[in-house]
Amino acid sequence: MKETIDWVTVQKEFLDNILQGDKEAAIKLAKNTLDTGCEPLEFFEKCVAPSLEEVGKRFETLDIFLPEMVTAAEVVEQVNTEVINPAVAKAKSIAITSKGKILLATVHGDLHDIGKNMVALMLKVNGFEVIDMGVNISPSDIVERAAREQVDIVGLSTLLTTCLPYMKDVSDYLQGKHIRENYSVIIGGAATTPEFAKQVGADAQGNSAAEAVEICKKIMQVM
Amino acid sequence: MNDEKYEMLLNVLDKAENGPVLDENEWDKKYIGETVRNLISKYDIKWSLKDQFIVSTYDNLADRAFEAGMELAREIGVYCVDTKRQMKFSRQELEKSLAILPKEITAGTGKDTVTVYKRNPEDPKRVAIWGGPFGVPVAEELFKPMMECYAREPLIDILDNVSLLTTHGRPIRAGAPTEAVAGWQEAVTTLELIDRVGRPGLPLGCGSNATTEVGDLANTTYGGFRPTDVHKLSFISEQKTAYHHLTKAVHFAQTNSLTEIFCNTMFGGFMGGESGVVIGVVSGLILLNACYLGDIPNSGPTHVHLSCSTHPGIVSAMSIGFQALSRNTNLLIAAHTRPTAGPGTKDIFRETAAYLIANVVSGASVVNCTQSAVGNNIGHASPLEVRFGAQVAHSAQGLSRKEADKIVRDLVGKFADIQKEKRIGKLFTEVYDLKSLTPTPEWQAMYEETCEEMRSNYGLKM
């Protein structure tokens, strides 16, 4: 018989575990909770997701810094890999733990990546599957990878005005291959503006990692 | 460049090719993140902005910060993103690169020559003013009138430039021939302009339109930027270099060009908060010097969300970091002003004042002002905030750190809570008259009111 779970206590303990980078404790807590009869999806929705959201909020206010956010995201990935996903497979239930699949890249000519990396982290902690191509990525490589991975969203980043033309190239290449309608394209980084997004036919432009998450959530609700 | 320094530079290149192979994610998280946390604890780099100080007066804290930064530099070194290798420097190599530093250098020529002095905390020696828009993007048609306004500011010792949105009507692509075109346009136009305003020897910060080595290598040559101008090299955060920076280092060395070498530690990033930024500033500038053998190491830490360098935590961290370096090295350190606010607001003046006072009393040799509205809002910059910054910086020469702390605390109280509003203010064309090339009466009045505020509230001789 399924036990009653004190989610407030469990979630607090889970949050502490992931902030401290205590992978073993987080995995043990997840296993113990599932052993009480809890469904894996319920554990994800009532414990993992709110914990990650809290991590994101604390980073926004800089109550924690980037290393803590990276650590938390890594612990959650391990919990997903070792506990939740196997439990889901065993139960043969269709569990949607990913809100969507997004490809991220800093475009050609630009080596800056901290903003993009923050977006990647915030998307992960908010339940998105993220493929991060890194920096200085050519438009053709971005388009090819997007098609191969069958992503939902292509996210492009640049700090530099001189790299904006390469964002336009991505849009042009997608149009040229007649596959533009298969993806949403979002852009970000200090050099980008909403006006530029309109010019190149991007679906949205964001100014922060938090904004990127909201944009992606909105896009996936529509799709 | 002398043979000894060139040999040192060649050894740096060897490190990029032969150092241990490392994963970049591991670099950020373990090598930077974990090590910095341990050093904060080991050297007790902690203080309270609220209860203790913003501008530090503690010499022993500065000296501990120096040791912490030196240890990070020695333990971690630099990461080359192109070869994926760690470039380690021994303590001996780091100390040698610091020992060969001169106590002053000159930039520019003729009557426009400026001497950049090594300064100590509370030093009355003159601080050099590197003034300009620092790459704020502007429309091509505004390039000449805007830069003429900056060039006319007499307090600017080194002039920095705008970043063009187009070159000869064409979009500029990083790494493409158009980057070379834009670089040449910047060089030729600015050299003609300073000649026209009667300052032909004024040193120029170059190049604001060079994204990759293409732009810089194209125009640091005959008819382009001169050896007496100040050329730029940088790290990518945190403590990372790339082939294109190392290539430029070689070129600038062979052309005997002055260089500014800069790094922007991320506040809230892998170095953490204030304490980590202290260590990042010290380590970063020591390693910049060892890696590029440049002339003016510059720090302008960046707030991870606000993108400014004037957040109170950063101001405080810079004061400790700069005291650490000025007390223990001859580095000609430069502080880079990047306020959240833009022209047409009083906030830009207050943010600039707080940042510059803290850094001048902490031993900055050069102050860079002002990369207005964090430098990425098109057309949001004006020379008047540079004039103001120069006046404040000169007024802070000889001020005690204790006095500076009182002033900075009061100023911070006026802008800290509103920085998140990102008051980018007005466009250059809204605060300057394009016919007379002077500030509008409204902007001039705001500047004069704030100057009077500095005089009457803080006793600064503006």
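Here the scattering of segment B:337-462 is modelled by Debye summation over its C-alpha atoms, one equal scatterer each and no solvent; at q = 0.14, 0.15, 0.21 Å⁻¹ the log10 of I(q)/I(0) is -0.55, -0.63, -1.20. Debye-formula intensities of segment A:7-91, expressed as log10 I(q)/I(0) at q = 0.13, 0.15, 0.18 Å⁻¹, are -0.36, -0.48, -0.68 (one equal scatterer per alpha-carbon, no solvent).
For segment B:7-19, backbone phi angles converted through the Karplus equation (6.51, -1.76, 1.60; θ = phi - 60°) give residue-by-residue couplings of 4, 4, 5, 4, 5, 4, 4, 4, 5, 5, 8, 10, x Hz, Gly and Pro being listed as x.
Run down the lysines and flag those whose C-alpha is under 17 Å from the C-alpha of A:Lys99, throwing out any fewer than 8 positions away in its chain. Straight-distance partners of A:Lys99: A:Lys46, A:Lys124, A:Lys217, A:Lys218.
Scaling the Cα radius of gyration of segment B:173-280 by the globular reference 2.2 N^0.38 Å produces a ratio of 1.21.
Going Cα to Cα from B:Lys461, which lysines come in below 25 Å? Please leave out same-chain ones fewer than 8 positions away. Cross-link targets: B:Lys118, B:Lys125, B:Lys346, B:Lys402, B:Lys406, B:Lys414. The chymotrypsin sites (Phe, Trp or Tyr not before Pro) of segment B:200-262 that meet both conditions, a loop assignment by DSSP and at most 14 other Cβ atoms within 10 Å of the site Cβ, are B:Tyr222. Below 8 Å between Cα atoms, with a sequence gap of 6+, how large is the relative contact order for segment A:7-91 in percent? Averaging sequence separation for qualifying contacts and normalising by length gives 43 percent for segment A:7-91. Note on B:265-274: average number of Cβ atoms from other chains within 10 Å of each residue's Cβ is 4. Computed from the Kirkwood radius of its Cα pairs, the Stokes-Einstein diffusion coefficient for the protein assembly as shown at 20 °C and 1.002 mPa s stands at 83 µm²/s. Computed over segment B:89-216, the P(r) tail beyond 26 angstrom holds 36 percent of alpha carbon pairs.
Looking at the protein assembly as shown, the DSSP beta bridges with both ends there are about 25 percent antiparallel.
Couplings 3J(HN,Hα) for segment B:381-395, derived from phi with the Karplus relation 6.51 cos²θ - 1.76 cosθ + 1.60 (θ = phi - 60°), are 6, 8, x, 5, 5, 6, 4, 4, x, 4, 5, 5, 4, 5, 5 Hz, where x marks Gly and Pro. Sequence-ordered 3J(HN,Hα) estimates for segment B:230-236 from the Karplus curve with 6.51, -1.76 and 1.60 and θ = phi - 60° stand at 10, 9, 10, 9, 8, 9, 8 Hz, glycine and proline given as x. An ellipsoid equivalent to chain A, defined through the eigenvalues of its Cα gyration tensor, has semi-axes of 35, 19, 13 Å when rounded to whole angstrom and sorted largest first.
By the rule of a C-alpha distance below 17 Å, with chain neighbours fewer than 8 residues away ignored, the lysines paired with B:Lys88 are B:Lys15, B:Lys30, B:Lys96, B:Lys240.
Taken residue by residue and averaged, Cβ atoms of other chains lying within 10 Å of the Cβ of A:58-67 number 6. Under the rule a/c < 1.5 gives rounded, and otherwise a/b versus b/c splits prolate from oblate, where does segment B:245-294 land using the Cα gyration tensor? Since a/c reaches 1.5 and a/b is larger than b/c, the shape of segment B:245-294 is classed as prolate. Note down the net charge around B:Ala341, summing +1 for each Lys or Arg and -1 for each Asp or Glu among other residues with Cβ under 10 Å from its Cβ. Counting the neighbours of B:Ala341, the net charge comes to 0. Taking amide H positions as modeled 1.01 Å from N, with prolines and chain starts lacking one, the residues under 5 Å from A:Gln205 and 5 or more places away or on another chain are A:Ile187. Taking amide H as placed 1.01 Å from N in the peptide plane, the amide H of B:Phe262 sits under 5 Å from that of B:Leu233, B:Ser234, B:Phe235, B:Asn298, each at least 5 places away or on another chain. By the Kirkwood approach, averaging reciprocal distances over each pair of separate Cα atoms, segment B:305-402 gets a hydrodynamic radius of 13.4 Å.
In plain terms, the residue of B:Leu10, B:Leu460 with the fewest other Cβ atoms within 10 Å comes first and the most crowded comes last, giving B:Leu10, B:Leu460. Report the normalised scattering of chain B as log10 I(q)/I(0) at q = 0.08 Å⁻¹, calculated by the Debye formula with identical scatterers on the alpha carbons. Results for chain B at q = 0.08 Å⁻¹ read -0.41. Averaged over the residues of A:109-117, the number of partner chain Cβ atoms lying within 10 Å of the residue Cβ comes to 5. With a ≥ b ≥ c the root eigenvalues of the C-alpha gyration tensor of segment A:62-189, is it rounded (a/c under 1.5), prolate (a/b larger than b/c) or oblate? Note, shape of segment A:62-189 comes out oblate.
Every number here is computed from the coordinates shown, using simple stated rules; none is lab data. None of these values were measured; they are calculated from a predicted model. Positions of Cβ are generated from backbone atoms using ideal geometry, with glycine treated the same way; all protein chains shown enter the neighbour counts.
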